[in-house]
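Okay, structure first, notes after.
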Amino acid sequence: MIMKKRRLHMAVCDDEPEDVVRVCHAVEKVLKKLEYHGEYEFHCFTDGRELYDSAVKGCFSLVFLDIEMPEMDGFELASKLRQKASGTRLIFISNYEQFVFDSYEYAPFWFIRKSFLQHDMYRAMCRYMKLLLELRVTYRIRDESGFKEVRIKDILYVESEKHTLTFRTVRGAFLKKYGSLREVEKELEPYGFLRVHKSYLVNMRYIEQVETQDVLLCGNVRVAMGRDRAKRIHEAMIRYGKE
């Protein structure tokens, strides 16, 4: 498995300029310790509204948000970013540990305590680096024309029909191979895939809504949901959001 170099665009927002600097330095220390050789840059803000305007125009890999800020606090900003920049990973930073429970509503990637900044930053960035590796893992599919490779994160769902597996990607491509959905489920489960029906395995990152009989995926794609699976799907989504 090879991790290609990429530029990390990170935003840091705190109404205290000195804390913005502290966060940037903490991140840099961790990246150096992890021997990260890719390029990265920080976009620093002391006003949540300015960060939001910038995030709408361009995509940040990571956003570090102070929770207590005037005008627009971290939670309000997180809610807006979830609607306009859903691919961004949010990390809350606060002096007040009690906010960690309130933060779950916004499905943050991590929660960092300012009093343990370097310790918590190390854990958060280790998890993020692991995520980057996972997002670059490819799945090899052998069909009649030979082998094809697709990035696991680009697989929308896998459908099984009479021992034929159809992999649909987020770009609308369909790849087919002969095999067992159960075996594919074992392979893809560590990467956030969930069995929602005896014939469907979906990528949880693309679930937008769980309806009465269907699961709605991004792009207005619907797949059937098995009877009595709704509760398990909701529970799995909560765990996935926390991770």
Problem - Of K148/K176; K57/K84; K153/K186; K84/K231; K32/K57; K80/K153, pairs whose Cα-Cα distance is over 18 Å - result: K84/K231; K32/K57; K80/K153
Problem - Gain upon complete extension [Y96, Y40; 0.36 nm per residue less C-alpha separation] - result: 17.3 nm
Practice task
Please list 180-190, 158-168 highest first by mean number of surrounding beta-carbon atoms within 10 Å per residue.
Solution key: 158-168, 180-190
Exercise for the section: Find out how many positive minus negative residues lie around R232, taking Lys and Arg as positive, Asp and Glu as negative, among other residues whose Cβ is under 13 Å from that of R232. Expected result: +3
Practice task
State the extension gain, in nm to one decimal, for the chain segment bounded by S54 and F174, taking 0.36 nm per residue of separation less the distance between their alpha-carbons.
Solution key: 39.7 nm
Exercise for the section: Can you tell me the relative contact order of the range 100-243? Whole percent, Cα pairs under 8 Å, sequence separation 6 or more. Expected result: 16
Practice task
Give a residue-ordered list of calculated ³J(HN,Hα) values for the range 76-82 (Karplus: 6.51 cos²θ - 1.76 cosθ + 1.60, θ = phi - 60°; whole Hz; x for Gly, Pro).
Solution key: 4, 5, 4, 4, 5, 5, 4
Problem - Rounded tilt (10° steps) of 230-242 against the dominant C-alpha axis of the chain - result: 40
Practice task
Starting with the highest mean, order 67-76, 224-233, 34-43 by the number of other Cβ atoms within 10 Å, averaged over the residues of each peptide.
Solution key: 67-76, 224-233, 34-43
Practice task
Kindly report, to the nearest 10 Å², the accessible surface of R7 as traced by a 1.4 Å probe over protein heavy atoms only.
Solution key: 90
Fill in the blank from the handout: Carbon and sulfur atoms account, in whole percent of the 1.4 Å probe accessible area of the range 97-237, for 46
Handout entry: Crossing angle, helix 117-135 versus the chain [Cα axis fit, 0-90 degrees, rounded to tens]
Key = 30
Problem - Share, in percent, of DSSP beta bridges within the chain that are antiparallel, nearest 5 - result: 60
Handout entry: Value in Å of the Kirkwood radius, where the chain supplies the Cα pairs that are averaged
Key = 19.6
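The values are calculated or read from the model by the stated rules, or taken from the named source; none is laboratory data. Quantities reported herein were computed from a predicted structural model and do not represent experimental measurements. Positions of Cβ are backbone-derived with ideal geometry, glycine not excepted, and every protein chain shown enters the neighbour counts. Keep in mind that these areas ignore ligands, DNA and RNA; they rest on the heavy atoms of the full protein, side chains included. Shrake-Rupley method; radii C 1.70, N 1.55, O 1.52, S 1.80 Å.
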